[in-house]
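Coordinate-derived values only; no laboratory data. Note that this is a predicted model, so its numbers are computed, not measured. We place every Cβ from the backbone using ideal geometry, glycine too, and count neighbours over all the protein chains shown.
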């Protein structure tokens, strides 16, 4: 395996990485970093959430910024406020020992006046959701004419959230940028259109297969029961974990709300997060979870995008996901930063087919537990 030094990352950035316990580059970082450091190029990177994409594009981007030039030089587009905040925070941490690079996150659901005021300070990198960025450009509150590098993070999620028109518009403004880097877990038809319309025909393509990306520190377990017994099994599991905290995944908003109510009725400190929550309510739930006054967060797959909380001991698939990408994304919320974690699937005998499929596709071994101790 390479080190970050061998990949070409500067000593001051490596000091910041070491402090975050990011020591060994992941597969996508090994593939992407030397390429992006050595040349101005367009790139299409296919890799799941949890593979280290932020550092894969963030470190080369930080290398390209001139701290003395007080204009926006880098633009990162993200599907959700949470992912945007997480990316900005991570880049900020990387730069602890470098010359000051100013990073600003802008997104919907927050007063635009506050963001306009923040953008009046010198800003080198803007992390934005597409709709809010267009609002700011139209109000002349942000000047992106000198952007040299634009990054689309989780491009497939931006499409599934209906941002195709906004992405076309933003990339239209930026036709003369030196580097366009697109990262996506999947490559649906709409992504192909964006690549064809806006990226160079010579764009590099790098794909990291799903097989190598599941964190080795996660114990994958399943327990078979009837649908009606799932709540009882979940309660047993929560009790076995004592005060440890985790995420429980359901497929729909209705299911998350129902399960949260059932757990609260049984005196479990839980709450739900889903797409119908207003931003203020969502922030309140996330604050309670981050400061440990909640033990459990019940979430849908989309609502969990961008949730990055250390010290999560387990993930429970109360309703099994529809595909391996969601399984990887869910499981990757635990066992962060070298710690160990459990990914427990509570399934009916009918759902065992899906468990076997994911086991085979991701190259992981599930162990069956008969009962929760």
Among 139, 81, 205, which one shows the biggest mean-square fluctuation in a GNM of the chain, springs joining Cα atoms closer than 10 Å?
139
Considering only the chain, what is the antiparallel percent among its DSSP beta bridges, to the nearest 5?
0
Once you keep just the Cα pairs under 8 angstrom separated by 6 or more residues, what percentage relative contact order results for the chain?
19
I need the shape label for the stretch 223-276. Rule: rounded when a/c is under 1.5, else prolate if a/b > b/c, else oblate, with a, b, c from the alpha carbon gyration tensor.
oblate
Percent antiparallel among DSSP beta bridges with both residues in the stretch 53-163, to the nearest 5?
0
What FRET efficiency comes out for the pair residue 145/residue 93, r = Cβ-Cβ distance, R0 = 30 Å, nearest 0.05?
0.55
Square roots of 5 times each gyration tensor eigenvalue, C-alpha, the chain, largest first, Å
36, 23, 20
Alpha-carbon centroids, the stretch 309-373 and the stretch 1-74: separation in whole Å:
29
Simple spin-label estimate for residue 23 and residue 309 in nanometres, 7 Å along Cα-Cβ
2.8
Taking Cα atoms, how many degrees apart are the long axis of helix 81-94 and the longest axis of the chain, rounded to 10 and kept between 0 and 90?
70
Working from Cα positions, state the angle (0 to 90°, nearest 10) between the long axis of helix 352-362 and the longest principal axis of the chain.
30
Give me the distance in nm between label points sitting 7 Å out from Cα along the Cα-to-Cβ direction at residue 35 and residue 323, one decimal.
2.2
Please compute the contact order of the stretch 214-368 in relative form: average sequence separation of alpha-carbon pairs under 8 Å and at least six residues apart, divided by the residue count, as a percent.
38
Residues of the stretch 306-328 with amide nitrogen under 12 Å from the 7 Å Cα-to-Cβ point of residue 244?
311-316
Could you work out how much longer the chain between residue 206 and residue 232 gets when fully extended? Use 0.36 nm per residue separation minus the Cα distance between them, nm to one decimal.
4.9 nm
For the chain, the longest principal axis of the Cα atoms and the Cα long axis of helix 230-240 enclose an angle in degrees, to the nearest 10, of 80
As a test of the formula, what do you get for the chain when each DSSP H run with n ≥ 4 contributes -39,500 (n - 2.57) and the sum is divided by the residue count, at 222 nm and rounded to the nearest 500 deg cm²/dmol?
-11500 deg cm²/dmol
Between the stretch 93-133 and the stretch 253-271, what's the alpha-carbon centroid distance in Å?
35
Full extension from residue 369 to residue 252: what is 0.36 nm times the residue separation minus their Cα-Cα distance, to one decimal in nm?
39.5 nm
Prolate/oblate/rounded label for the stretch 281-373 (Cα gyration tensor, a/c 1.5):
prolate
Gained length - residue 15 relative to residue 197, 0.36 nm times residue gap less alpha-carbon distance
61.6 nm
